[in-house]
Amino acid sequence: MKWIFKLLTAPIVLTIDLFTLVCVGIISCSIVLFRIASSIIALLGVMVLATYSPKNGLILLTIAFLVSPMGLPMFAVWILSALQGISHFIKSI
């Protein structure tokens, strides 16, 4: 019975593992571009905050945080780790 379940879930586990592998590769390559964009937006946000408008400066700093490697890419890594957890749970059954 256990072998039948493993045989039926093997394509699902393989698909999840390949998907996470591809997504981790894409995220690790894009982090360099995100870091550069975040730095430029953060510098622009500080300059706007100091000279023009505090509201617009804070908006730019918020965007810089979301684009930084600690923002949306970290959220994507968190989702991928949850997906890997599901894969490991299926493997352990």
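The values are calculated or read from the model by the stated rules, or taken from the named source; none is laboratory data. Only a predicted model underlies this, so the values are computations on that prediction, with no experimental measurement involved. All Cβ positions, even for glycine, are placed from backbone atoms using ideal geometry, and neighbour counts span all protein chains on display. Note: areas computed on protein heavy atoms with side chains; ligands, DNA, RNA excluded. Shrake-Rupley method; radii C 1.70, N 1.55, O 1.52, S 1.80 Å.
Numbers for the structure displayed
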| quantity | calculated |
| --- | --- |
| Single residue of 42, 37, 50 found to be free of Cβ contacts under 8 Å to residues at least 12 places away in the same chain and not β-branched (Val, Ile, Thr) | 50 |
| Given (1) at pLDDT 90 or above; (2) of a type outside the set (Asp, Glu); (3) not in a helix (DSSP H, G or I), number of the condition residue 34 does not satisfy | (3) |
| Flag if residue 12 is assigned to a helix (DSSP H, G or I), without any contact (Cβ under 8 Å) to a residue 40 or more places away in the chain, open to solvent by 80 Å² or more (accessible area, probe 1.4 Å) and closer than 28 Å to residue 78 by Cβ | no |
| Top-ranked residue in the range 39-67 [being of a type in the set (Ser, Thr, Tyr) and open to solvent by 70 Å² or more (accessible area, probe 1.4 Å); ranked as nearest to residue 27 (Cα to Cα)] | 62 |
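Residues checked against (1) of a type in the set (A, V, I, L, M); (2) more than 12 Å from the chain's Cα centre (by Cα); (3) open to solvent by less than 40 Å² (accessible area, probe 1.4 Å):
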{"site": "7", "(1), (2), (3)": "yes, yes, no"}
{"site": "17", "(1), (2), (3)": "no, yes, no"}
{"site": "30", "(1), (2), (3)": "no, no, yes"}
{"site": "69", "(1), (2), (3)": "no, no, yes"}
{"site": "81", "(1), (2), (3)": "no, no, no"}
